[in-house]
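The values are calculated or read from the model by the stated rules, or taken from the named source; none is laboratory data. No experiment lies behind these values; they were computed from the predicted model shown. Please note: Cβ atoms are built from the backbone with ideal geometry, for glycine as well, and neighbour counts cover all protein chains shown. Surface accessibility is based on the protein's heavy atoms, side chains included, excluding ligands, DNA and RNA. Shrake-Rupley method; radii C 1.70, N 1.55, O 1.52, S 1.80 Å.
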Amino acid sequence: MLKVDNLTKAFGPNVAVDAVNLTVEKPAMIGIIGRSGAGKSTFLRMLNRLTDHTSGQIVFGDKDITALSGGDKRRWQSDCAMIFQQFNLVPRMDVVSNVLHGTLNRRSTLATMFNLFPDEDLHRAIDILARLGVAEHAAKRAEALSGGQQQRVAIARALMQDPEIILADEPIASLDPMNAQVVMQSLRQIHEEDGRMVIANLHTLDTARRYCDRVVGMRDGRIVFDGTPEQLTTGVARDIYGADASFSEAATSTEIETLDRTAKEHADLELA
Ligand SMILES: Nc1ncnc2c1ncn2[C@@H]1O[C@H](COP(=O)(O)OP(=O)(O)OP(=O)(O)O)[C@@H](O)[C@H]1O
Ligand SMILES: [Mg+2]
């Protein structure tokens, strides 16, 4: 359903994403890992057409995404909702209006300017907020919510677009472990219950392993690993993060230990 073919992005002489190929046959939950500067964000932004590609192609279903322009490109951007590390909500606007702005792409500018949202949309927004466990905050200003709550509102705004794909760029990088878990569980639930594809850039191996069906490792703009969490061994992690890796950037030694332990548990289970 999603086919990325030799996708490349160069910023002047710097090749941020280098001939990346990725095929996703059915909606999956995919985690992209790699050290800082590996090209993860640039890759996601090209999928969403926020950043123009230099060469290559993205195909979704029978649509050539890389060829879209104007209204078609905007429709794609709403089909392929993006979530960011910093939530990108309007801080002084109330939560439900922030969510309703997820319908922006299909509404007239005038209606949007005057915050004229149909009742039907309002009810949907509240339902989505309830699903994410934050409906009680609907009337508060976004800035009054905790980081984890704000990120759930951002997910609600994305769902309001009824997207086929949710792209999340380090969705939990600014959150404490507890909130991070809630946000990752919400994304997982959306994937499982709605059958939406989720592609998330994640900065820890642990998170990718715990929540994703498939992990893609990027290094220097290239995909150096593409497999299941079980296949993500310590050796592979070293390849992704670099041989000199102290794993300080993205993976701690504890994570590597957990990795070994989990891999062993999997092996033990298979043997049992
Ligand atoms: N707008 C830009 N102009 C010039 N160079 C850019 C731009 N955006 C990204 N780059 C470069 O492209 C490369 C990949 O950056 P990118 O942000 O995609 O990495 P990343 O894997 O998301 O890193 P991080 O984990 O720090 O978010 C880096 O060398 C970066 O400096
Ligand atoms: Mg990034």
Please work out which residue is most open to solvent (accessible area, probe 1.4 Å), limiting yourself to the stretch 222-239 and to residues that are out of contact with any helix residue (DSSP H, G or I) (no Cβ under 8 Å at 6 or more places or on another chain) and within 15 Å of ligand 1 (Cβ to nearest atom).
-> 222
Hand me the list of strands (runs of 3 or more DSSP E) wholly inside the stretch 158-219 holding 3 or more residues that are surrounded by 22 or more Cβ atoms within 10 Å (Cβ to Cβ) and in contact with a Pro (Cβ under 9 Å, 6 or more places away or on another chain).
-> 197-201
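Just name the residue that is nearest to residue 100 (Cα to Cα) out of those in the stretch 137-155 that are crowded, with 19+ Cβ neighbours inside 10 Å and without any contact (Cβ under 8 Å) to a residue 60 or more places away in the chain. Before the answer, list the steps.
Initial filter on the stretch 137-155 (crowded, with 19+ Cβ neighbours inside 10 Å): 137-138, 142, 145, 148-155.
When the remaining residues are screened for being without any contact (Cβ under 8 Å) to a residue 60 or more places away in the chain, the result is 137-138, 142, 145, 148-149, 152.
Working: 137: 14, 138: 11, 142: 13, 145: 17, 148: 19, 149: 16, 152: 14 Å.
The selected residue is 138.
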Would you check if residue 49 is among the basic types (Lys, Arg), in contact with a Leu (Cβ under 7 Å, 6 or more places away or on another chain) and closer than 23 Å to residue 222 by Cα?
-> yes
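Quick grid of which residues meet (1) touching a helix residue (DSSP H, G or I) at 6+ places or on another chain (Cβ under 9 Å); (2) farther than 21 Å from residue 197 by Cα:
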{"position": "10", "(1), (2)": "no, yes"}
{"position": "17", "(1), (2)": "yes, yes"}
{"position": "21", "(1), (2)": "no, no"}
{"position": "28", "(1), (2)": "yes, no"}
{"position": "33", "(1), (2)": "yes, no"}
{"position": "37", "(1), (2)": "no, yes"}
{"position": "43", "(1), (2)": "no, no"}
{"position": "51", "(1), (2)": "yes, no"}
{"position": "61", "(1), (2)": "no, no"}
Residue among 26, 63, 40 that is modelled with pLDDT under 95 and either over 22 Å from residue 170 (Cα atoms) or of a type outside the set (A, V, I, L, M) (or both) = 26
Do we have any residue at all in the stretch 38-56 that's under 26 Å from residue 147 (Cα atoms), more than 16 Å from ligand 2 (Cβ to nearest atom) and under 16 Å from the mean Cα position of the chain (by Cα)?
-> no
Evaluate the stretch 10-33: report whether one residue or more is more than 12 Å from ligand 1 (Cβ to nearest atom), surrounded by 15 or more Cβ atoms within 10 Å (Cβ to Cβ) and of a type in the set (D, E, K, R).
-> no
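Which of the residues that make up the stretch 95-136 are over 24 Å from the mean Cα position of the chain (by Cα), surrounded by 13 or more Cβ atoms within 10 Å (Cβ to Cβ) and modelled with pLDDT of 65 or more?
Here is the first cut: in the stretch 95-136, the residues over 24 Å from the mean Cα position of the chain (by Cα) are 107-123, 136.
So of that shortlist, the ones also surrounded by 13 or more Cβ atoms within 10 Å (Cβ to Cβ) come out as 107, 111-112, 117, 121-122.
Those that are over 24 Å from the mean Cα position of the chain (by Cα), surrounded by 13 or more Cβ atoms within 10 Å (Cβ to Cβ) and modelled with pLDDT of 65 or more: 117, 121, 122.
Give me the residue from the stretch 53-84 that is free of Cβ contacts under 8 Å to residues at least 12 places away in the same chain and not small (Gly, Ala, Ser) and, out of that set, farthest from ligand 1 (Cβ to nearest atom). Write out each step before concluding.
In the first step, residues of the stretch 53-84 are kept if they are free of Cβ contacts under 8 Å to residues at least 12 places away in the same chain; the result is 62, 64, 67, 69-72.
Pick out the ones that are also not small (Gly, Ala, Ser) and you get 62, 64, 72.
On the way: 62: 28, 64: 23, 72: 24 Å.
Residue satisfying both the conditions and the ranking: 62.
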Quick check, is residue 183 at pLDDT 95 or above, touching a helix residue (DSSP H, G or I) at 6+ places or on another chain (Cβ under 7 Å) and within 14 Å of ligand 1 (Cβ to nearest atom)?
-> no
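Restricting to the stretch 183-219, and then to whatever is among the hydrophobic types (A, V, I, L, M, F, W, C), free of Cβ contacts under 8 Å to residues at least 40 places away in the same chain and out of contact with any Phe, Trp or Tyr (no Cβ under 7 Å at 6 or more places or on another chain), can you tell me which residue is farthest from residue 80 (Cα to Cα)? So that I can check it myself, show each step before the final result.
Restricting attention to the stretch 183-219, the residues satisfying the condition of being among the hydrophobic types (A, V, I, L, M, F, W, C) are 183-184, 187, 190, 197-200, 202, 205, 208, 212, 215-216, 218.
Checking the rest, the ones that are also free of Cβ contacts under 8 Å to residues at least 40 places away in the same chain come to 183-184, 190.
Adding the requirement that they be out of contact with any Phe, Trp or Tyr (no Cβ under 7 Å at 6 or more places or on another chain) leaves 183, 190.
Values: 183: 18, 190: 14 Å.
Out of the qualifying residues, it is 183.
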